[in-house]
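The values are calculated or read from the model by the stated rules, or taken from the named source; none is laboratory data. Predicted model, so just to flag it, every value in this text is computed and none were measured. Because the Cβ atoms are built from the backbone with ideal geometry, glycine has one as well, and the counts that use them run over all protein chains shown. The area values use the complete protein model at the heavy-atom level, side chains included, leaving out ligands, DNA and RNA. Shrake-Rupley method; radii C 1.70, N 1.55, O 1.52, S 1.80 Å.
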Amino acid sequence: MTAEQSSLERLSEVATERGLRICVVESLTSGRLASTIGAGSSAGDWFAGGIVAYLTDVKENLLGLTPGTDPCSAESAEHLAESARRLFDADVCISTTGVGGPEPEGGHDPGTVFLGWATGDGVGHRMLALTGDPQEVLDETVDTAMRLLVFHAEGIRPAGPRRSGPSTSVRDEPAD
C-alpha cells in the first residue's frame, strides 16, 4: 500500500466516523487531489468536492483572492482554503498552489509549494521546497496534502448535526 493509499484509507475512516465534510481547492495539482480523494471509501458521503482555479483571475473572481496577491504564497493558500471551506460548508479544506517546474515562475523556484488548510477553528499553511521533475513535485504535493488533510480531520471533534438541510433532532413532546 502506498503512502497516498494509506492516507486515503485513514481519511475515509475519520470522515465517516466523525461525520465530517471535506473539500479541496487546487491550482498546482489541477484536480489530481480531488481525484485521489474521490476514490476514497464512501467518499460520496463525506467529500463535498473541489475547485480547480488555475488562473489568477479565476482565484480572484471565484474565491475572492485580493488582486495583486502573489498566487504562490502562504497568504494565497490560506485564503483559497478558507474561501472554499465556506463555499462547500466543509469541516476541512486543503488548498494547493505553487510552481511545478521545470522553470521558475513569478520569481519562485520550481518546487516552491504552499498547502493551505482551513477548519472551523482557523487557517494555516505549510510551505514545501521540493526537488525533482514536475511529476515528482506533483506526486509529493498530493502525498503531503493527503497527510495534512488527515492530520486536520483527526483534530476535529466529532461533528454534531449538519449545519444545513433537514433537521434530524428529536423533539420532546408534551405528555398527555
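For the stretch 52-63, check the following and say yes or no: at least one residue is touching an Asp or Glu at 6+ places or on another chain (Cβ under 9 Å), in a strand (DSSP E or B) and under 28 Å from E154 (Cβ atoms).
Yes, some residue in the stretch 52-63 is touching an Asp or Glu at 6+ places or on another chain (Cβ under 9 Å), in a strand (DSSP E or B) and under 28 Å from E154 (Cβ atoms).
In the stretch 120-134, what residues are out of contact with any Phe, Trp or Tyr (no Cβ under 7 Å at 6 or more places or on another chain) and closer than 18 Å to E26 by Cβ?
R126, L128, L130, P134
Look at the stretch 37-74 and say how many of its residues are of a type outside the set (G, A, S) and closer than 19 Å to T144 by Cα.
5
Give me the pairs: first residue in the stretch 132-144 and under 18 Å from L11 (Cα atoms), second residue of a type in the set (V, I, T) and part of a helix (DSSP H, G or I), beta-carbon distance under 8 Å, and six or more apart or on different chains, which are they?
What qualifies is V142/T36.
Can you go through L33, L28 and tell me which one is over 17 Å from V123 (Cβ atoms), in contact (Cβ under 8 Å) with a residue 12 or more places away in the chain, among the aliphatic types (A, V, I, L, M) and assigned to a loop (DSSP other than H, G, I, E, B)?
Among L33, L28, only L28 is over 17 Å from V123 (Cβ atoms), in contact (Cβ under 8 Å) with a residue 12 or more places away in the chain, among the aliphatic types (A, V, I, L, M) and assigned to a loop (DSSP other than H, G, I, E, B).
Among what's in the stretch 55-74 and is among the aliphatic types (A, V, I, L, M) and within 17 Å of the chain's Cα centre (by Cα), pick the residue that is most open to solvent (accessible area, probe 1.4 Å).
L62
Any idea how many residues of the stretch 68-112 are closer than 18 Å to L20 by Cα and either in a helix (DSSP H, G or I) or out of contact with any helix residue (DSSP H, G or I) (no Cβ under 7 Å at 6 or more places or on another chain) (or both)?
Adding up the residues that qualify gives 11.
If F47 passes every condition in (1) under 25 Å from Q135 (Cβ atoms); (2) of a type in the set (F, W, Y); (3) touching a Leu at 6+ places or on another chain (Cβ under 8 Å) but one, which one does it miss?
Going through the list (1) under 25 Å from Q135 (Cβ atoms); (2) of a type in the set (F, W, Y); (3) touching a Leu at 6+ places or on another chain (Cβ under 8 Å), F47 breaks only (3).
Just checking, which of S83, S41 is surrounded by 15 or more Cβ atoms within 10 Å (Cβ to Cβ) and at negative phi?
Being surrounded by 15 or more Cβ atoms within 10 Å (Cβ to Cβ) and at negative phi holds for just one of S83, S41, which is S83.
Go through A43, A53, A48 for me and flag whichever is among the aliphatic types (A, V, I, L, M), in contact (Cβ under 8 Å) with a residue 12 or more places away in the chain, over 21 Å from V113 (Cβ atoms) and in contact with a Lys or Arg (Cβ under 9 Å, 6 or more places away or on another chain).
Every option except A48 fails the conditions.
L20 is checked against (1) open to solvent by less than 70 Å² (accessible area, probe 1.4 Å); (2) under 14 Å from A145 (Cβ atoms) and fails just one. What number does that condition carry?
The failed condition is (2).
Suppose we keep only residues that are buried (at least 16 other Cβ atoms within 10 Å of the Cβ) and free of Cβ contacts under 8 Å to residues at least 24 places away in the same chain within the stretch 103-131. Which one would you say is farthest from S83 (Cα to Cα)?
So, considering only residues that are buried (at least 16 other Cβ atoms within 10 Å of the Cβ) and free of Cβ contacts under 8 Å to residues at least 24 places away in the same chain, the one farthest from S83 (Cα to Cα) is L130.
Please work out if A77 is of a type in the set (G, A, S) and either out of contact with any Asp or Glu (no Cβ under 8 Å at 6 or more places or on another chain) or crowded, with 22+ Cβ neighbours inside 10 Å (or both).
Spelling it out, A77 is indeed of a type in the set (G, A, S) and either out of contact with any Asp or Glu (no Cβ under 8 Å at 6 or more places or on another chain) or crowded, with 22+ Cβ neighbours inside 10 Å (or both).
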